[in-house]
1. Looking at region 1-17, which of its residues are charged (D, E, K, R) and either surrounded by 10 or more Cβ atoms within 10 Å (Cβ to Cβ) or not in a helix (DSSP H, G or I) (or both)?
2. If you take the residues of region 22-56 that are open to solvent by less than 60 Å² (accessible area, probe 1.4 Å) and free of Cβ contacts under 8 Å to residues at least 12 places away in the same chain, which of them is farthest from D66 (Cα to Cα)?
Amino acid sequence: MTEEAFDHVTSLQIRLTELRNEHRDLDDAITRLQDSPQEDELLLRRLKKRKLALKDRIAVIQRMLDPDELA
């Protein structure tokens, strides 16, 4: 593996960790908001939409790091 390829993989791994942390934080925020007596439906929908987008980005990076061996 070249140094450039190694740097790219390392960068993707770091980004994956950041996205997973943000996804977890959003999950916590959503739970707190749902438990709140003054639940904000619009904010809740926005947070869930952001969480779903993060999940999709995480899946893309995981596929880049662990490509299917048959491909």
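The values are calculated or read from the model by the stated rules, or taken from the named source; none is laboratory data. This one's a predicted model, so the numbers in the text were calculated from it and none came from an experiment. Here Cβ is always computed from backbone atoms with ideal geometry, including for glycine, and neighbour counts include all displayed protein chains. Heads up: the accessible areas ignore ligands, DNA and RNA and are worked out on the full protein's heavy atoms, side chains in. Shrake-Rupley method; radii C 1.70, N 1.55, O 1.52, S 1.80 Å.
1. Kept after step one, since they are charged (D, E, K, R), are these residues of region 1-17: 3-4, 7, 15.
Within region 1-17, D7, R15 meet the criteria.
2. Filtering first and then ranking leaves S36.
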